[in-house]
Amino acid sequence: MSMNMQDYKRILTMQDISCLGQCSGSVALPVLSACGHETCLIPSALLSTHTGQFQGYTFFDLTEQIPGIIDHWRREGIMFDALYTGYLGSARQAQFAREMIDTLLRPAAHIVVDPAMADNGKLYAGLDDACVKAMRCLCSAADVILPNLTEACLLTGMEYREDWDGDYVARLLDALLETGAKSVVLTGVVFSSDATGGIIAHGTERKYFRHRRINRMFHGTGDVFAAAFTGAFLRGLSLEDAAELAARFTLRSIENTEDDPAHWYGVKFETALPLLIKELGEHE
Ligand code: PXL
């Protein structure tokens, strides 16, 4: 079961490095490597931890480094098969990501944007309306966007509701596609007390994926899902197969963490990498 070398992609990912916390760049690199892709990271900021459940974290903004990195790669003639963005610490970083689409991507490149900026009805600490606006612009150029319900509301200006119904979600998905993104994978859709999952929207098509719900919040699971989705999608899986595989990988990561109360800041996704690799192999 060897990988088809046409599926080996050079991916540019832009997101922060939170030194501890199992999120963003520290998840994207190992997950995309496990999916069999070359991955180049532009770290947008360096933090001691993520900003979720920690106080007193350090934050070193690396925005000023970005133009120099882009210029160097352009001089070297380096081009990428895909851009995958996650958490970006400022509006300017999202603008740089938008520029990279025109300067660093090959013509048929894929663009996956995880507008990682909010959860549970609230923007992450330190982000503002300008970030939302710049993220909306980046989403308009994407092939696939991966918002959760909160991010979907921020991107569309719709009201955030936890008691969603079919009509509300249908309007949300239509509004997300109106941003210009070609496809949407809406995540964190709770279907019932014991089922969660998401909805894929492409044109007028809507597809649901669902799995067992663990009724507890784990940090970084959006990033685990997004990285695995991107890796699988770039291996040539359909949106639906990539989303389902990424959801199984995320669930397994949570299952492998939930019994360890000392591990409260992220999920042990490393222990689920064999599952990810095995399932990708089955798609060859
Ligand atoms: O998991 C998303 C994320 C990524 N990076 C940083 C964060 C968060 C969520 O809070 O704070 C720095």
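Nothing in this text is a laboratory measurement; each read-out follows from the coordinates by a stated rule. Computed from a predicted model, the values in this text were never measured in an experiment. We place every Cβ from the backbone using ideal geometry, glycine too, and count neighbours over all the protein chains shown.
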- Query: aspartates and glutamates near K9 by alpha-carbon distance under 17 Å, same-chain residues fewer than 8 away left out - which ones?
  - Reply: E38, D81, D143, E284
- Item | Values of log10 I(q)/I(0), in the order q = 0.11, 0.21 Å⁻¹, for the range 116-213 under a Debye, Cα-only, solvent-free model | -0.29, -1.07
- Item | DSSP beta bridge pairing in the range 1-59, given as percent antiparallel to the nearest 5 | 10 percent
- Query: Per the Kirkwood treatment, what hydrodynamic radius in Å, one decimal, follows for the range 129-284 from the mean inverse distance over all distinct Cα pairs?
  - Reply: 16.2 Å
- Query: In which sequence would I145, I101, I277 go, from the one with the fewest C-beta neighbours within 10 Å to the one with the most?
  - Reply: I277, I101, I145
- Task: Order these peptides, 127-134, 188-195, by their mean beta-carbon neighbour count within 10 angstrom, highest first.
- Result: 127-134, 188-195
- Task: Run a plain Debye calculation on the range 1-136 (Cα atoms as equal point scatterers, no solvent) and give log10 I(q)/I(0) at q = 0.11 Å⁻¹, rounded to two decimals, same order as the q list.
- Result: -0.41
- Among the lysines, which fall within straight-line cross-link reach of K122, defined as a Cα-Cα distance under 26 Å, with same-chain neighbours fewer than 8 residues apart omitted? K133, K182, K268
- Message: Taking only the Cα atoms of the range 220-274, how large is their convex hull per residue, in Å³?
- Response: 62 Å³
- Message: With a cut-off of 8 Å between alpha carbons and a minimum separation of six or more residues, what is the relative contact order of the chain in percent?
- Response: 18 percent
- Mean separation of Cα contacts under 8 Å (at least 6 apart) over the residue count of the range 55-173, i.e. the relative contact order in percent, is 24 percent
- Message: Please report the net charge: other residues with Cβ closer than 13 Å to the Cβ of D16, K and R +1, D and E -1.
- Response: -3
- Please list, in chain and number order, the residues 5+ apart from H110 or on another chain whose amide H is under 5 Å from its amide H, with Hs placed from the backbone. A82, L83
- Task: Equivalent ellipsoid semi-axes for the range 72-145, as square roots of 5 times the alpha carbon gyration tensor eigenvalues: give them largest first, rounded to whole Å.
- Result: 25, 13, 9
- Query: Where does each of 62-68, 257-263, 15-21 land if you order them by average Cβ count within 10 Å, highest first?
  - Reply: 15-21, 62-68, 257-263
- Message: Using the Kirkwood formula on the Cα atoms of the chain, what hydrodynamic radius do you get, in angstrom to one decimal?
- Response: 18.8 Å
